[in-house]
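Written below as structure tokens is the structure these notes are about.
The values are calculated or read from the model by the stated rules, or taken from the named source; none is laboratory data. Note that the coordinates shown come from a computational prediction; the quantities given were computed from them, not determined experimentally. Backbone-built Cβ (ideal geometry, glycine too); neighbour counts: all protein chains shown.
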Amino acid sequence: MTIAPNLSRRSLLQGAGGLVVAFSLTGGVRPASAETAAVLKSVAEGAVDSYISIDPKGMVTVYSGKIDYGTGVRTGFAQMAAEELSVPLDRVTVIEGDTSLTPDQGPTYGSLSIEVGGQAIRKAAATAREALLDAAGERLGVERAGLTITDGMIRGDGGEISYGDLLNGENFSLEVNENVRLKDPAQFTIVGQPIIRDGLPGKITGAFEYMQDLKIDGMAHARVVRPPAIDATLEGVDESSISHLPDVQIVQKGNFLAVVAESEWTAVRAAREISVTWATTESLPDQAQLWTHVRETPIAKDDVTSDIGDVDSAAGTRQVKATYDFALHTHGSIGPSCSVADFSDGKLVSWSSSQATHRLRGQLSDMFSVPEEDVRCIYIEGAGCYGRNGHEDAAADAALISRELGRPIRVQWMRHDEHGWDPKGPPTLIDLTATIDDAGAVAAWSSEFFIPQGAGGRVALLGANLADLPTNQDTNPGGITNDSAIPYGFPNIRTVCHRLESTPLRPSWIRAPGRMQNTFANEAFLDEVAAELAVDPMEYRRGLIDPADKRGLAVLDRLKEFAGWEPRPSPRSGGDGDGARLTGRGMAYVKYELKRTYVGAVAEVSMDANSGAIKVDRFFVVHDCGQIINPAGVRAQIEGNVIQTTSRTLMEELTFDRNMVTSLDWASYPILRFPDVPEVNIELIDYPNEVPWGAGEPTAAVVSACISNAVFDAAGIRLRSVPFKPAKVRAALSEQRS
């Protein structure tokens, strides 16, 4: 079934105006020219040619709409394609996130890259392999059943022929067969192997080229001059204030203001020294009253995420109640966002580290009222990406300035831009109640989550807002209702997400959005219930999991052995005395979104009862993500989840006044440093015959609860408010003693 024209590579290059984008396995990048915005290559979902091509030398190119955000999935994609095609891994190159070359597989989020994007590549490669076997049988004049494949060479009694010779530079012109025969996992030689992920050596040596390193001919440097308040109006610009700086151009459109220079340092100086008059408005709530503000925000709608039995009629002799909250967080990307744009002759090429280049293309198309086919977005890996940070906004900045000046523009955000203006992980407030009956069992579990509305849409582009250009205004903090429902079998359960009409600051998703906050509250509160009932937290959870869920039970059983768990109620008996070092262990469990990737974890913490300082010493993680494509990559993701979420749990908290964000640097928004990184011990459970699930987020969901539960085990205090800063610990200890 032909769904794409047969094109030779020669005609492809001629039609494309010269395709000059290439990604090497060492991480080097050569930029595409503005003339390549209309590449004659299939990007249709479901076409083999959209995902796979093989050149006359047998070199395989994989095209992925999902991108590698530092998670190692690029290597996983290559492994999956190489395995199905039976070619060496070093013959596979992956091109990702280029709207003119790759299919639209949706944004890269939700730990779905391997499960969705990788599976599409795997099926395309398998479909290609089957077609190549059919063609080889005809060419060699032998029965297909007698053919074998080794290193991209098909052999039979009638001779041998390579993939490259069979295709001779032509496309496959096939639809992906969704029911294609996949390779038997028992025959895997590449999938399941711990391959060093692409780009890692260069990142260690400093040779890796990030988005921030990209340069193109004729490029000028720009800095955006930010308002002093979230809601501010530009009233005047004193151009003479920077007249001493050479060749500086000013771009102003509405409340958007930028300075452009040939030298980057000149642009930095101009942004610092230009004199601007703004009218400001206090639009943010008082941070000291944040949780009152959240609770009093009008509710747009309620999402009931579970409703089992009748919570209101459940009989009980006592109730356990608690309220948990999770602070606003910034993405805090180590390398501030960057983008290069070339807007000329009505066509735009945008280079950025967007995790959603196809969606960004639509947003830029709307912003400038140009057809989508005249916009090309190209992904280049950025220095620090976890969620929808400022990369798309930097792309809008660069595109706007490039359109105004008619030349390529590079916009590099500064630290105060990244901390002050990237969209934020929104605040989360959770009320929980457990009703306990005469027999000492939970008769009812109910919870209410106060979270922003919106999901699955686009985050409004900052530059478009300032310039009063079209952009989607919907709030989009991610799928933050996930994991509000619980994986435990109580007779009566009701979980409700109150979707609020507004939230302070522009929200977007940040690693494990909602799942982290919701699992923190659920798993810490379940620990409270276990303590109330004086039972072991791990055995209690095990008894609440559906006996049919063998994989969930297996995770807890392996965790008990792996972590050397001592069955007992928490907190531990006795103590080291006032001012002494206290130690404790806490655990948590998640079945991610109640349908995939199981994680069980134990944290070991030590704390000083005088200072209130907490240190996470060790983590034990048991992880089941189904079929493991690259165990080295999975381990790296688990380690990253633990380290980053430990930082978010212990110390990260965005601050703001009535005008704007005030935590604009690493001093006011500290993150975990190397001496405080916990030791992470990992045990992977591999199911080679099952679906491969994601590993980029699930472990993050359990970290905060593990730490909270470990602190309770050590000191008998409950920490229900992230971050667990020393002042909160001291206050809880003081209340306990009184």
* **GLY420 vs. criteria of a type in the set (Gly, Ala, Ser) and either at pLDDT below 95 or in a loop (DSSP other than H, G, I, E, B) (or both)** => no
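Results for (1) farther than 22 Å from ARG403 by Cα; (2) modelled with pLDDT of 95 or more; (3) touching a Lys or Arg at 6+ places or on another chain (Cβ under 6 Å); (4) assigned to a loop (DSSP other than H, G, I, E, B), shown as yes or no for each residue.
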{"residue": "ALA186", "(1), (2), (3), (4)": "yes, yes, no, no"}
{"residue": "ILE195", "(1), (2), (3), (4)": "yes, yes, no, yes"}
{"residue": "ALA222", "(1), (2), (3), (4)": "no, yes, no, no"}
{"residue": "ALA271", "(1), (2), (3), (4)": "no, yes, yes, no"}
* Residues (touching a residue at least 40 places away in the same chain (Cβ under 8 Å) and of a type in the set (Lys, Arg)) located in region 641-694 -> ARG648, ARG658
* Filtering region 147-182 down to residues that are surrounded by 19 or more Cβ atoms within 10 Å (Cβ to Cβ) and part of a loop (DSSP other than H, G, I, E, B), which residue is nearest to the chain's Cα centre (by Cα)? -> VAL176
* Name, by its number, the condition in (1) touching a strand residue (DSSP E or B) at 6+ places or on another chain (Cβ under 8 Å); (2) surrounded by fewer than 24 Cβ atoms within 10 Å (Cβ to Cβ); (3) closer than 30 Å to THR481 by Cα that does not hold for VAL599. => (2)
* To do: Evaluate region 665-683: report whether one residue or more is buried (at least 21 other Cβ atoms within 10 Å of the Cβ), under 20 Å from GLY72 (Cβ atoms) and at pLDDT 95 or above.
  => no
* Only residues that are of a type in the set (A, V, I, L, M) and either part of a loop (DSSP other than H, G, I, E, B) or under 21 Å from ASP483 (Cα atoms) (or both): list them for region 673-687, please. => VAL677
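Residues are listed down the side, and each one gets a yes or a no for (1) at pLDDT below 95; (2) assigned to a strand (DSSP E or B); (3) closer than 22 Å to ARG376 by Cβ; (4) assigned by TED's automatic domain parsing to the domain that holds ALA186:
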position: ALA81; (1), (2), (3), (4): no, no, no, yes
position: THR93; (1), (2), (3), (4): no, yes, yes, yes
position: SER111; (1), (2), (3), (4): yes, no, no, yes
position: ALA125; (1), (2), (3), (4): no, no, no, yes
position: LEU133; (1), (2), (3), (4): no, no, no, yes
* Among GLU392, GLU404, GLU373, which is buried (at least 24 other Cβ atoms within 10 Å of the Cβ) and touching a residue at least 40 places away in the same chain (Cβ under 8 Å)? -> GLU392
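Within region 224-248, track down each residue that is surrounded by 14 or more Cβ atoms within 10 Å (Cβ to Cβ), in contact (Cβ under 8 Å) with a residue 24 or more places away in the chain and part of a loop (DSSP other than H, G, I, E, B).
VAL225, ARG226, PRO227, ALA229, ILE230, LEU245
On the given criteria, is VAL259 under 23 Å from GLU418 (Cβ atoms), free of Cβ contacts under 8 Å to residues at least 60 places away in the same chain and assigned by TED's automatic domain parsing to the domain that holds GLU404? Full working, then the answer.
Numbers: under 23 Å from GLU418 (Cβ atoms): yes; free of Cβ contacts under 8 Å to residues at least 60 places away in the same chain: yes; assigned by TED's automatic domain parsing to the domain that holds GLU404: yes.
Criteria met by VAL259.
I'd like the residue in region 270-314 that is among the basic types (Lys, Arg) and touching a residue at least 60 places away in the same chain (Cβ under 8 Å) and, out of all such residues, is farthest from ASP431 (Cα to Cα).
Going through region 270-314, the residues among the basic types (Lys, Arg) turn out to be 272, 295, 301.
Now restrict to residues that are touching a residue at least 60 places away in the same chain (Cβ under 8 Å): 295, 301.
Working: ARG295: 11, LYS301: 17 Å.
Result: LYS301.
Of all residues in region 345-357 being of a type outside the set (S, T, N, Q) and not in a loop (DSSP other than H, G, I, E, B), which is nearest to GLY390 (Cα to Cα)? Lay out the reasoning, then the answer.
Filtering region 345-357 for residues of a type outside the set (S, T, N, Q) gives 345-349, 351, 356.
Subsequent filtering for residues that are not in a loop (DSSP other than H, G, I, E, B) retains 347-349, 351.
On the way: LYS347: 23, LEU348: 19, VAL349: 18, TRP351: 13 Å.
Here the answer is TRP351.
Looking at ASP393, ASP342, ASP302, which one is under 21 Å from THR503 (Cβ atoms), assigned to a strand (DSSP E or B) and acidic (Asp, Glu)?
Details: ASP393 fails: assigned to a strand (DSSP E or B); ASP342 fails: under 21 Å from THR503 (Cβ atoms).
Going through ASP393, ASP342, ASP302 in turn, just one is under 21 Å from THR503 (Cβ atoms), assigned to a strand (DSSP E or B) and acidic (Asp, Glu): ASP302.
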* Asked: For GLY117, all conditions in the list (1) closer than 24 Å to ALA44 by Cβ; (2) not in a helix (DSSP H, G or I) hold save one; what is the number of the exception?
  -> (2)
* Those residues that are assigned to a loop (DSSP other than H, G, I, E, B) and buried (at least 16 other Cβ atoms within 10 Å of the Cβ), I need them from region 688-722; list them, please. => TRP693, GLY694, ALA695, GLY696, GLU697, PRO698, THR699, GLY716, ILE717, ARG718, LEU719, ARG720
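Suppose the filter is of a type in the set (Val, Ile, Thr) and touching a residue at least 60 places away in the same chain (Cβ under 8 Å); does VAL251 pass it? Before the answer, list the steps.
Numbers: of a type in the set (Val, Ile, Thr): yes; touching a residue at least 60 places away in the same chain (Cβ under 8 Å): yes.
Considered against the rule, which asks whether it is of a type in the set (Val, Ile, Thr) and touching a residue at least 60 places away in the same chain (Cβ under 8 Å), VAL251 comes out as yes.
Among LEU469, LEU553, which is surrounded by fewer than 21 Cβ atoms within 10 Å (Cβ to Cβ) and assigned to a loop (DSSP other than H, G, I, E, B)? Give the derivation first.
Values: LEU553 fails: assigned to a loop (DSSP other than H, G, I, E, B).
Matching residue, one of LEU469, LEU553: LEU469.
Just the residues that are small (Gly, Ala, Ser) and assigned to a loop (DSSP other than H, G, I, E, B), please, taken from region 516-539. Working first, answer last.
Looking only at region 516-539, we keep the residues that are small (Gly, Ala, Ser), and these are 521, 524, 530-531, 534.
ALA534 - this is the single residue of region 516-539 that is small (Gly, Ala, Ser) and assigned to a loop (DSSP other than H, G, I, E, B).
Given the criterion buried (at least 24 other Cβ atoms within 10 Å of the Cβ) and at positive phi, identify the matching residue among GLY117, GLY106, GLY97.
Values: GLY117 fails: at positive phi; GLY106 fails: buried (at least 24 other Cβ atoms within 10 Å of the Cβ).
Checking each option against the conditions leaves just GLY97.
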